[in-house]
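Computed from the coordinates by the stated procedures, all read-outs in this text should not be read as laboratory data. In this text, all values refer to a predicted model and were calculated from it rather than measured experimentally. Cβ atoms come from the backbone with ideal geometry, glycine included; neighbour counts cover every protein chain shown.
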Amino acid sequence: MVGAGDPCWKVQNPGVHPVMISALLPNYARIDLAFERGEGSWLWTTDGRRFLDFGSGIATASIGHAHPHLVQAIAEQAAKVMHTSNLYRIPQAERLAQRLVDASFADSVFFCNSGAEANEGMIKMMRRAMSDAGKAERFRIICFEGAFHGRTLATLAATGNHHYLEGFGPEVEGFDHVPFNNMNAVRDAIGGETCGIIVEPVQGEGGVRPADMQFLRDLRTVCDEFGIILGMDEVQSGMGRTGKLFAHEWAGITPDVMSSAKGIGGGFPLGAVFAKEKYAVALKPGTHGTTYGGNPLACAAGNAVLDVILAPGFLDDVVRKGAKMKAELERIARDFPTLFVEARGLGLLLGLKCHAAPGPIQAACAEQGLMAITAGENTLRLAPPLVVTEAEIDQAMDMLRKAATSVAAAQKAAAQ
Ligand SMILES: *Cc1c(COP(=O)(O)O)cnc(C)c1O
């Protein structure tokens with residue numbers, strides 16, 4: 001099922017040299033499925049098959065597909081004005097920023113277009129704030145093994161996965177990696193050049209691994225003790241995904257700066273850097289920018305998503321649905337001990353850690369009509385739209401059980 005999509009093989013520049021590459025650059029191992037439309041938690045392929053989407057476009061279609069409120073907001077804004085640039089005031093961005101400030105620890109918000117860009121902005125803000133405080137030598141940032149922060153050069157260095165860094169020239173300097181959930185390692189890594197720490201409250205790509213709540217509280221303490229900056233990457237764990245607006249709220253602490261993206265635009269490209277005033281002021285005019293970050297259309301989408309997520313009871317519902325799903329995943333893990341190690345995750349960011357690569361189980365799920373995604377540490381990742389219904393969770397868990405039954409049977413047959 002994994003292929004190059006629908007390549008358009010042809011000879012370009014005939015007589016000069018034949019080109020074999022598909023027109024769409026084949027940098028992804030795409031699954032051979034193409035979708036035409038969606039509704040809520042469901043997607044329909046161009047050839048009419050229906051799938052229950054428990055990947056949400058990698059935890060991004062947070063309020064489901066074709067949500068009428070989001071569709072209307074985008075259509076209305078597009079018909080008025082889409083883009084004006086950051087040379088001018090943008091009322092939709094001012095409103096979205098105010099609402100995010102009111103709902104979070106932050107005093108100010110910067111908008112961009114993706115998670116990697118949000119992390120770049122956050123890293124620049126952290127370093128510049130230290131520099132403005134007369135401590136330019138403090139530029140190093142402590143990150144964690146298993147982290148994922150994006151694919152730009154600096155965020156790759158922050159990610160620290162040598163697999164992703166190879167062949168791209170000298171690594172951007174200034175990122176130190178220590179084991180996740182290990183406070184002694186963090187304390188040992190702090191030195192005279194340390195600027196701050198960047199942590200995902202739940203490592204998403206790394207395998208749906210939540211940080212220990214006490215570890216997050218200890219990171220807050222150590223940052224205060226050493227006068228360094230606590231940054232959170234909530235690109236995946238934020239915007240209601242874990243049942244709080246931001247996952248760090250579960251630990252009862254606040255970061256100094258934070259990145260957000262994925263679910264914040266409900267599928268429309270939008271990212272953000274949240275910051276306390278002390279750090280936000282570092283990005284004064286001329287220090288950082290983007291052409292279309294936070295444009296009227298993106299912020300209309302962001303405001304519409306927020307209308308849904310901040311509605312009374314919505315996040316409580318996410319908590320309830322997440323607990324229900326996790327309990328069922330735990331039962332499935334127990335019932336298929338040859339396939340699964342454990343269920344893990346928080347809210348509706350859940351996973352099943354498998355004994356081997358989760359590809360066969362993912363494929364068996366797709367055969368049942370369930371789209372699941374994968375993550376590090378052999379994890380099958382399940383991140384349905386936050387608007388998923390309990391009946392849809394029941395259906396998905398039933399499909400997963402059937403998929404596990406078929407993979408376990410094939411495994412048993414192969415062993416005989
Ligand atoms: C997806 C992700 C990113 C990168 O976001 P892009 O929009 O792909 O650039 C960064 N951090 C975390 C935690 C993510 O899950």
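Some notes on this structure:
- Projecting the Cα atoms of Leu386, Ala158, Ala323 onto the charge dipole of the chain, computed from C-beta unit charges around the Cα centre, puts Leu386 farthest toward the positive end.
- Taking Met399, Met239, Met126 and counting other C-beta atoms within 10 Å, the order from fewest to most: Met399, Met126, Met239
- Region 70-143: chymotrypsin sites (Phe, Trp or Tyr not before Pro) in DSSP coil with no more than 13 other Cβ atoms inside 10 Å: Tyr88
- Cβ-to-Cβ counts within 10 Å put Ser259, Ser406 in ascending order as Ser406, Ser259, the fewest first.
- Under a 5 Å amide H cut-off, with hydrogens placed 1.01 Å from N, Val341 pairs with Lys353, Cys354, His355 among residues at least 5 apart or on other chains.
- The amide H of Phe144, built 1.01 Å from its N in the peptide plane, has Val178 as neighbours under 5 Å, considering only residues 5 or more places off or on other chains.
- In order through region 78-95: 3J(HN,Hα) via Karplus (6.51 cos²θ - 1.76 cosθ + 1.60), integer Hz, x for Gly, Pro: 4, 6, 8, 7, 8, 8, 10, 5, 7, 6, 10, 5, 10, x, 5, 6, 4, 5
- Rounded to the nearest 20 debye, the dipole size of region 26-183 about its Cα centre is 340 debye, using +1 on the Cβ of Lys and Arg and -1 on the Cβ of Asp and Glu.
- In order through region 346-358: 3J(HN,Hα) via Karplus (6.51 cos²θ - 1.76 cosθ + 1.60), integer Hz, x for Gly, Pro: 9, x, 9, 10, 10, x, 10, 6, 9, 6, 9, 3, x
- Helix 296-309 axis versus longest C-alpha principal axis of the chain: approximately 70°, rounded to the nearest ten.
- Between 0 and 90°, nearest 10: helix 359-368 axis offset from the chain longest Cα axis: 60 degrees
- Taking every alpha-carbon pair under 8 Å whose residues sit at least 6 apart, region 68-309 reaches a relative contact order of 31 percent.
- Only Lys, Arg, Asp and Glu carry charge here, each on its Cβ (+1 for the first two, -1 for the last two); on that basis region 311-416 has a dipole of about 260 debye about its Cα centre.
- Ascending count of other beta-carbon atoms within 10 Å, so fewest first, for His355, His177: His355, His177
- Helix 314-335 vs. the chain, principal-axis angle (Cα, 0 to 90°, nearest 10): 50 degrees
- Of Lys262/Lys284; Lys326/Lys412; Lys321/Lys412; Lys124/Lys326, those spanning more than 31 Å from alpha-carbon to alpha-carbon: Lys321/Lys412; Lys124/Lys326
- Near the amide H of Met82, within less than 5 Å, lie no amide hydrogens of residues on another chain or at least 5 residues away, with H placed in the peptide plane.
- Within the chain, the longest run free of GluC sites (Glu not before Pro) that sit in a DSSP loop with at most 15 other Cβ atoms within 10 Å is 194-416.
- Global form of region 29-165, assessed from the alpha-carbon gyration tensor, a/c cut-off 1.5: oblate
- Region 29-46 - phi-based ³J(HN,Hα) in whole Hz, Karplus 6.51/-1.76/1.60, Gly and Pro as x: 8, 6, 6, 7, 9, 10, 9, 9, 7, x, 8, x, 8, 10, 10, 10, 6, 4
- Positive-pole candidate from Cys143, Ile90, Ala79, dipole of the chain, charges at beta carbon: Ala79
- Bridges between two residues of the chain, per DSSP, are antiparallel at a rate of about 65%.
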